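Data block below; observations after.
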Amino acid sequence: MSATEQIIHPAATVHPIDNLLRADRFPHILCPGCGIGTVIHGYAHAIAASGLSEDRHVCVSGIGCSGRAAGYVNVDSYHSTHGRALPFALGIAVHKPELNVTVISGDGDLTAIGGNHLIHAARRNVNLNVICINNFNYGMTGGQVGPTTPVGAKGSTAPRGAVEQPFNLPYLAKATGAAFVARWTVLHVREFQDAVLRAMNKNGFSFIEVLAPCPTSFGRANNIGDGLHEVEIYRERCVIENGAQNLEELDIDLIDASKPITVGNFVDIDRKPFIE
Amino acid sequence: MAVSVINKGTKPEPEPRVRTGGHFMLGDHACAEGALAAGLDFFGGYPITPSTEIAEHIAVRLPLIGGRFVQMEDELASIAAIIGASAAGARSFTATSGPGFSLMMENIGLAAMMELPVVIADVMRASPSTGLPTMVGQSDVLQARWGSHGDYGIIAYCPSSPQECFDLTIRAFNAADQYRVPVFILMDEVVGHMAERVIIPAAEDIPHTPRKGPRHKPGEEIFLSYAPDADMVPPIAHAGEGYKVHMTGLTHDERGYPALNAPTHNKLVNRLVDKIRLNAADIVMYEEIATEDADTIVISFGCTARSARHAVAEARREGLKCGFLRLITIWPFPEKRIRELIDQGNVKRFIVPEVNLGQIRREVERMTSLPVLRLNHAGGEMPAPKDILELIRS
């Protein structure tokens, strides 16, 4: 008997969220140090904690590395087109309001090409849980800048540094009507999971921004050596401020070490949902 | 008119889903009534002339019979929303015109690739670009076939009257579900804005072809969303039914999982095309008048077919051996029938009048070395019977 066989007992190989992941699709496409796996893990735990049968959960994503999330969760899942995850999800949520529909996608997908759908889904207060994985760049296509890239950060399409003012996503989500708004990082595993659970229990539009390292594309171009390095930045600079009122002041500047990164559950209001 | 979702059951008096009886009805409204009669569950749309009356009519009617109407933020959202609703099992529908149709193209490819049934009415206006928004065109017919990138199959019906707007919309929903494809109703501004008598049958006489569902219970075995039957169409399971489907616009295997390799891609895309191509005999519809001995055959569709029918009848009265082939399905194109007519040996030439610069003429030319005479207008007005008659006499 080999050492491995002695150590791994069959019962020990079953992880509590194994049945919520499509293990038959592993190995996944994500790079070492990528934060997306942690987000999928948090979503799976929130499904398990939701008390709803997994048959009542649906996951929709757009295009990009984050857009692959839908392919790894073992619920009814749809990998739609670039930017269109939200209206696709709206169709599901409106036709079958009994389903708990979560959109997991990236910052470029949801706020650049899909930005119009984001503001209108929030305005309508459609019962959707949006998990926006913000890694500050287009990772899958090799590190181009986008509407979340900090000013000065480098990307392959801004080799001398980004010059455009990035979005402050929680501020945008609140201003356009989201009923629940949070920002966490993949360091804040428990807090993120709890925010997803709160989003699932909210009849209305929930928006969770979650910061995630992209060492291969963003980190390499911006002297953030590996995934751990970026998580270390989160640890050093994140300030938790639940219920923060001054969202307009809570821009993120990952590059400027002097600026704090404010995270927390910022907004939790009752608004008339799209479908009561 | 911005009408948001009205909750189910808020209206006390019963609203019939099928408005059985005789009506004097706008083509756009007849299309909307056809969708309602076919069992429409979800409409997502964006206003655009000359299709807006379809959305307005459905906004009034659909919420009262338990469906959902959502005015979306643009056509990109409209098409995505109806595909999503279809994934959840809805009979879903949108209506648009040229500029909106262009915006929908990417996700029409998604519907084809995911094999999620949707119905799209395109009320054609004079194009390109903004063109003549309130005036007729027939220039989206090739876009309907080829508009999204890549190879895929679709079905397109082309009504010539409000009655056909009703009848073909019902047929479109059934065909979409039967073949798991996007289906188009290619109307034009003249037909959409024309009012004529429309007979709506009793509810029990409305044909209904359901989607093929899974043949096992959830969990008994892994459900394969893309394992085709002999007709090349796979059964479908919807969100919330427990089958844990995965659907993607990426090239995928029978399970629906991404499989990024050339053999899988080749097999999948060929099936997407073949499931329409090889079932064409069951799908194709046309109307034929006096073709048995005809040396000249006028091929036409939509509003133009109304002028063509008149011209052919007049030509026959003058003793000219002229026949008429009206395309009811534009796609798949009735290739077999046109080849049969050529093989009869009488035909010397075809005439194709259309409100575009020769899109269907090109299809006919592809099939024959006989002369194919053109009668084209770029849009804004349709050919008059006398224009077609002159060409028949020539």
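Throughout, read-outs are computed from the coordinates displayed, never taken from laboratory work. Predicted model only: the values in this text are computed from it and were never measured. Every residue, glycine among them, receives a Cβ derived from its backbone with ideal geometry; neighbour counts consider all protein chains shown.
Using +1 on the beta carbon of Lys and Arg, -1 on that of Asp and Glu, and nothing else charged, what's the dipole of the protein assembly as shown about the Cα centre, debye to 20?
On the way: 60 positive and 74 negative charges, 100 e Å.
Computed charge dipole of the protein assembly as shown: roughly 480 debye.
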State the cysteines of chain B left without a partner when partners are defined as other cysteines whose beta carbon lies under 4.7 Å away.
-> B:Cys158, B:Cys303, B:Cys322
For chain B, which DSSP H helices look membrane-span-like by this rule: Cα extent along the axis of 20 Å or more and mean Kyte-Doolittle of at least -0.5?
-> B:98-114, B:162-179
When ranked by the protection proxy of mean other Cβ atoms within 10 Å per residue, highest first, what sequence do the peptides A:20-26, B:121-127 form?
-> B:121-127, A:20-26
Quick one: Cα centre-to-centre distance for the stretch B:63-88 and the stretch B:330-394, in angstrom?
-> 37 Å
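Within 10 Å of each Cβ in A:67-75, how many Cβ atoms from other chains are there, averaged over the peptide?
Working: counts 1, 3, 0, 3, 8, 1, 2, 2, 5.
Per residue, the number of nearby Cβ atoms from other chains is 3 on average.
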Rounding to the nearest 20 debye, state how big the charge dipole of chain B is about its Cα centre with +1 on each Lys and Arg Cβ and -1 on each Asp and Glu Cβ.
-> 340 debye
Among A:Asn168, A:Phe207, A:Ser80, pick out the residue whose Cα is farthest towards the positive end of the charge dipole of the stretch A:3-268, where Lys and Arg carry +1 and Asp and Glu carry -1 on C-beta, about the Cα centre.
-> A:Ser80
Exposed GluC sites (Glu not before Pro) absent: longest stretch of chain B, with sites in DSSP loops and at most 12 other Cβ within 10 Å deemed exposed = B:1-219
Helical contribution to [θ] at 222 nm, DSSP H n ≥ 4, -39,500 (n - 2.57), averaged over chain B, rounded to 500 | -10500 deg cm²/dmol
Using the charge dipole of chain B (Lys, Arg: +1 at Cβ; Asp, Glu: -1 at Cβ; taken about the Cα centre), state which of B:Ala95, B:Leu268, B:Ser78 has its Cα farthest towards the positive end.
-> B:Leu268
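Let me know the shape class of the stretch B:21-205, please: from the alpha-carbon gyration tensor, a ≥ b ≥ c as square roots of the eigenvalues, rounded when a/c is under 1.5, otherwise prolate if a/b is greater than b/c, or oblate. Walk me through the numbers on the way to the answer.
Details: a/c = 1.45, a/b = 1.11, b/c = 1.31.
Taking the square roots of the gyration eigenvalues as a ≥ b ≥ c, the stretch B:21-205 is rounded.
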For the stretch B:126-193, with the dipole built from +1 on Lys and Arg beta-carbon atoms and -1 on Asp and Glu ones, taken about the Cα centre, which of B:Tyr152, B:Leu142, B:Phe173 lies farthest toward the positive end?
-> B:Tyr152
Would you mind pulling out the separation of the Cα centroids of the stretch A:198-276 and the stretch B:124-174, in Å?
-> 46 Å
Residues of the stretch A:168-205 with amide N under 18 Å of the 7 Å Cα→Cβ point at A:Arg235 | A:185-192
Just how far, in whole angstrom, is the stretch B:268-282 from the stretch A:43-104 if you go by their alpha carbon centroids?
-> 31 Å
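For each pair in B:Lys217/B:Lys267; B:Lys348/B:Lys386; A:Lys272/B:Lys244, compute the distance between the two Cα atoms and list the pairs where it is over 26 Å. Write down the numbers at each step before the final one.
Details: B:Lys217/B:Lys267 28 Å; B:Lys348/B:Lys386 21 Å; A:Lys272/B:Lys244 31 Å.
Correct reply: B:Lys217/B:Lys267; A:Lys272/B:Lys244.
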What is the antiparallel percent of DSSP beta bridges lying wholly in the stretch B:287-393, to the nearest 5?
-> 20 percent
Can you list the aspartates and glutamates whose alpha carbon is less than 16 Å from that of A:Lys96, not counting same-chain residues fewer than 8 positions off?
-> A:Glu54, A:Asp55, A:Asp76, A:Glu276, B:Asp41, B:Glu241
Going by how many other beta carbons lie within 10 Å of each one, how would you line up A:Thr176, A:Thr185, B:Thr130, fewest first?
-> B:Thr130, A:Thr176, A:Thr185
